[in-house]
Amino acid sequence: MPSNDIPLPVVLLTGPPASGKSTVGMALARHLRAALVDQDTATAPLTAVVARLVGVDDLDDQRLAGPTRAARYETVAALAEDNLRAGTPVVLVAPFTAERRDVLAWDALGGRLRAAGGSPLLVWLRVEPGVVVQRLRVRGEPRDAAKLADVDAFIRALDVAEPAVPHVAVDAGGSVEDTVRDVIREVVAALSR
């Protein structure tokens, strides 16, 4: 980071599937006048190619997730770094599963973002499993079909534990407007510290 520069906000939105990461991310980026880097948007075209090659539609299927995870996360981290170096705050949207469970993975990502001029804040969008299933049904995406084929197994496997690394948690079970308002309040509080 160039000297005398104030670190720029980097908000990392994480949560279970259908917790509202993309929707909240869009509204938050608009509010912060930040670049929005949504992992699904940034990596979907290439991930779709790999998905067709391995015959899998579900991003959580290890035949797809395994070979693409490192590249997908490298893509969003590099895009965030480029935007920070250009002087633009960033909102990152992804599950950040390893980064929210493993202090070393979080420290590595946070270190990269700080070196590029950012001040990272992990925001956990907390939502109950029943709400997740309801939202997946409404969303109706082909990528969710495997999850909804056996709802009980999906709920048993669903990771709704809060991150093991520093974060702020926001209830995302209500309306999008309420969730966005609560996230903005947390981000403003973090930025004023």
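The values are calculated or read from the model by the stated rules, or taken from the named source; none is laboratory data. Note that the coordinates shown come from a computational prediction; the quantities given were computed from them, not determined experimentally. Every residue, glycine among them, receives a Cβ derived from its backbone with ideal geometry; neighbour counts consider all protein chains shown.
Considering segment 49-62, and only residues there that are surrounded by 12 or more Cβ atoms within 10 Å (Cβ to Cβ) and under 22 Å from ALA18 (Cβ atoms), the residue that is modelled with the highest pLDDT turns out to be VAL56.
Looking only at segment 130-163, filter to residues that are among the charged types (D, E, K, R) and out of contact with any Leu (no Cβ under 7 Å at 6 or more places or on another chain); which one of those is modelled with the lowest pLDDT?
Within segment 130-163, the first condition is being among the charged types (D, E, K, R), and the residues that meet it are 135, 137, 139, 141, 143-144, 147, 150, 152, 156, 159, 162.
In the following step, the residues that additionally are out of contact with any Leu (no Cβ under 7 Å at 6 or more places or on another chain) were identified as 135, 139, 141, 150, 152, 156, 159, 162.
Working: ARG135: 92, ARG139: 89, GLU141: 85, ASP150: 91, ASP152: 92, ARG156: 92, ASP159: 89, GLU162: 93.
Per the criteria, the residue is GLU141.
Mind checking whether some residue in segment 128-136 is in contact with a strand residue (DSSP E or B) (Cβ under 8 Å, 6 or more places away or on another chain), closer than 23 Å to VAL180 by Cα and surrounded by 13 or more Cβ atoms within 10 Å (Cβ to Cβ)? There is no residue in segment 128-136 that is in contact with a strand residue (DSSP E or B) (Cβ under 8 Å, 6 or more places away or on another chain), closer than 23 Å to VAL180 by Cα and surrounded by 13 or more Cβ atoms within 10 Å (Cβ to Cβ). Being in contact (Cβ under 8 Å) with a residue 60 or more places away in the chain and either closer than 15 Å to VAL132 by Cα or over 15 Å from the mean Cα position of the chain (by Cα) (or both) is the filter here; which residues of segment 151-165 pass it? Within segment 151-165, LEU158, ASP159, VAL160, ALA164 meet the criteria. Within segment 33-59, residues that are more than 14 Å from GLU141 (Cβ to Cβ) sit with their Cβ atoms under 6 Å from residues that are in a loop (DSSP other than H, G, I, E, B), at 6+ positions apart or across chains, in these pairs: ALA34/PRO89; ALA35/THR88; GLN39/ALA94.
Restricting attention to strands (runs of 3 or more DSSP E) lying wholly within segment 76-193, give those where 1 or more residues are under 23 Å from THR43 (Cβ atoms).
Working: elements: 90-93, 118-126, 168-171.
In segment 76-193, the matching strands (runs of 3 or more DSSP E) lie at 90-93, 118-126.
Taking every residue in segment 97-116 that is within 24 Å of PRO17 (Cα to Cα) and pairing it with any residue that is polar (S, T, N, Q), at least 6 positions away or on another chain, the pairs with Cβ-Cβ distances below 9 Å are THR97/THR14; GLU99/THR14; ARG100/THR14. Of all residues in segment 23-46, those satisfying the criterion of being surrounded by fewer than 19 Cβ atoms within 10 Å (Cβ to Cβ), under 22 Å from LEU148 (Cβ atoms) and either at pLDDT 95 or above or not small (Gly, Ala, Ser) (or both) are THR23, ASP40. Looking across segment 84-93, the residues that are farther than 11 Å from ARG112 by Cβ and more than 17 Å from the chain's Cα centre (by Cα) come down to ARG85, ALA86, GLY87, THR88.
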